[in-house]
Amino acid sequence: MKLGIDIGSVTAKVVILDNTDNIIVAKYVRTKGQPIETVLAILEELFTKYQPGQFKVSAATGTGGQLLATLLGIPFVNEITAQAAGTIHYHPEVQTILEIGGEDSKLIVLKKESEKALPKVADFALNGVCAAGTGSFLDQQASRMGISIEEFGDTALKSENPPRVAGRCSVFAKSDMIHLQQVGTPVHDIVAGLCFAMIRNFKGQVIRGRDLMKPISFQGGVASNKGIRRAMLEVLEVDENDLIIPEHFAVLGAAGAALANGESTLPADTIKRLRDYIATRDYQ
């Protein structure tokens, strides 16, 4: 089997692939600022059923993946490579990947060198240092509105006329939200306005005028948000048939890390290594 781990800014994802590369276990957990502790807890749970020696391939990716890879002596896979590998394996028809996570968003353009060949990465773009166009932006605004992020998308779908909200900066978005609340704008309209603001920001800051070849895969944790899906279809002027939401949209990076790597055995003392690191690390 294969084990892939993706440590992002907000969540940790761990997947297990069987001997035919089907995802048989998928874990998606918020780290709450403790990524290594979160991965340790996930692996401790998994190792009640599986043993480290059962995984002939193990790899890590994500913003926190380099540290984990060093601790466990397993390969680190670049996020672009990992996302592309996961998508290409499960959806080889995809030509463009739009991935939005907690604090990162990506555009990945795929291209086939021949009709029979699998696509490869031809171009990519990332968001800047501001998280205004990412999942953290939605978390912040949902908290301000007193809405759980889980009901954010369904609430947004109730809106027929989303108002204009600034999406390039959380501070400006908050100002617009306060104004809309003061004039009595319904909550569902404000929430929908935030969804459209986020995708307009993604279009302007990440896509930047590029033509989006279809079909398009929308993945990352934010892909679960129905309000964002609707905004993406309208803002990017994409037909619903051309937008694919993969079954495992939130963990394709973890799966891709394992798929992109050769053989790399997970150490038998994986749990001990992580526990020792947590117990002895220096915060200076």
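Stretching the chain fully between D154 and L118 yields a gain of 9.3 nm (0.36 nm per residue, less the alpha carbon separation). Each peptide in 7-14, 252-259 was scored by the mean count of other Cβ atoms within 10 Å over its residues; highest first, the order is 252-259, 7-14. Calculated mean residue ellipticity at 222 nm for the chain: -11500 deg cm²/dmol, from DSSP H runs with n ≥ 4 weighted as -39500 (n - 2.57), summed, divided by the residue count and rounded to 500. Nonpolar atom fraction for region 159-284, defined as the carbon and sulfur part of the 1.4 Å probe accessible area, stands at 47 percent. Length gained on full extension, L126 to T280: 52.0 nm, using 0.36 nm per residue less the C-alpha separation. For the residue pairs K32/K203; K120/K226; K49/K214; K32/K174; K120/K174, the alpha carbons lie more than 31 Å apart in K49/K214; K120/K174. Evaluated with a Cβ-only charge set (Lys, Arg +1; Asp, Glu -1), the chain carries a dipole of roughly 400 debye about its Cα centre, given to the nearest 20. Between D211 and D21, the contour length at 0.36 nm per residue exceeds the Cα-Cα span by 65.2 nm. Taking the accessible area of region 25-139, probe 1.4 Å, and keeping the other protein chains in place, the carbon and sulfur fraction comes to 54%. Taken per residue, the accessible surface of the chain reaches 48 Å², heavy atoms only and a 1.4 Å probe.
Bridging of K272 to aspartates and glutamates at a Cα separation below 13 Å is possible for E37, E44, once same-chain residues fewer than 8 apart are set aside. How many percent of DSSP beta bridges within the chain run antiparallel, rounded to 5? Antiparallel bridges: around 65 percent, rounded to the nearest 5.
The values are calculated or read from the model by the stated rules, or taken from the named source; none is laboratory data. The structure presented is a predicted model; accordingly, all values stated were derived computationally and were not measured. Neighbour counts run over all protein chains shown; Cβ positions are idealised from the backbone, glycine included. Calculation scope for accessible area: heavy atoms of the full protein, side chains included, ligands and nucleic acids excluded. Shrake-Rupley method; radii C 1.70, N 1.55, O 1.52, S 1.80 Å.
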